[in-house]
Amino acid sequence: MSNIQRMINEAYDAALTVVAIVPVNNYGFQYASYNYQLQNFDNDIVRVLQYNTGNEFVKFLFYMRTQRLNIVPDEIVEMHFTQINIGSIKDNYSTKELSRDVVVKETVYKPDSVIQTVCESKGKHHHDTAERMSSQGNLSINIRDKNGKWLWSDNVVGNSSWSTAFSSYTGDERALGDEDKQSLNKDTGYSSP
């Protein structure tokens, strides 16, 4: 390595700000079924920060990696879930009785003389809505320097809900109205952040 390259590397290292990300403190959720998602959460944070800063003089690393490499971080980010509320499943079910007169036969004697044979068509429209995982979480973020001095803190609140809806019917399909038929043709699922 040339002397110039060594000086460039030293200048870059002196200008570089290393930010260490401490794994999220999950407050005893380690045995919960969603612990796997919390582990991915840590990886996602480091990845997103590292590749989206747009600043080559800021580097994000896991805190344990800085210790392994004997790097003293300039800033340390600590995150704690102060609240996680995973909602329960809520099922809503409704049935609507349907009845409609249906033309089963039409006899045309003359254009202005038509006789229709009508029968009553009956059915039931069943509408199920299952709402799942209406959840909330609160993440506390604290940033301090390498000497432990507090630099910044904030709380981030997140909400998520997911639901699905589906319909079925029993009886004569001819008893269904247009709106009933539309709900039968589309099972809907949606989520909101």
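Numbers at a glance
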item: Residue pairs meeting the criteria (Cβ under 9 Å; at least 6 apart or on separate chains; first within 15 Å of GLY87 (Cα to Cα), in the stretch 142-169; second of a type in the set (A, V, I, L, M) and modelled with pLDDT of 85 or more); result: GLY158/LEU139
item: Where a residue in the stretch 83-109 is within 18 Å of LYS124 (Cβ to Cβ) and its partner, wherever it lies, is of a type in the set (S, T, N, Q), with Cβ under 7 Å and at least six apart; result: ASN92/THR129; ARG100/SER121; VAL102/SER121
item: Enumeration of residues in the stretch 72-97 that are outside any strand (DSSP E or B) and of a type in the set (S, T, N, Q); result: SER88
item: Residue count, the stretch 66-95 (criterion: at negative phi and surrounded by fewer than 14 Cβ atoms within 10 Å (Cβ to Cβ)); result: 15
item: First in the stretch 1-22 and surrounded by 12 or more Cβ atoms within 10 Å (Cβ to Cβ), second anywhere and in a helix (DSSP H, G or I), Cβ under 7 Å, 6 or more apart; result: VAL18/THR66; ALA20/TYR63; ALA20/THR66; ILE21/ILE45; ILE21/VAL46; ILE21/TYR63; VAL22/TYR63
item: Qualifying positions in the stretch 13-36 - of a type outside the set (A, V, I, L, M, F, W, C) and modelled with pLDDT under 90; result: ASP13, PRO23, ASN25, ASN26, TYR27, GLY28, GLN30, TYR31, SER33, TYR34, ASN35, TYR36
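Residue by residue, here is whether (1) more than 24 Å from ASN142 (Cβ to Cβ); (2) modelled with pLDDT under 80 holds:
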site: GLU10; (1), (2): yes, no
site: LEU38; (1), (2): no, yes
site: TYR51; (1), (2): no, no
site: ASN55; (1), (2): no, no
site: ARG68; (1), (2): no, no
site: LEU98; (1), (2): yes, yes
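The values are calculated or read from the model by the stated rules, or taken from the named source; none is laboratory data. Here the structure is a predicted model, which means the values were calculated and not measured. Note that we place each Cβ from the backbone using ideal geometry, even for glycine, and neighbour counts take in every protein chain shown.
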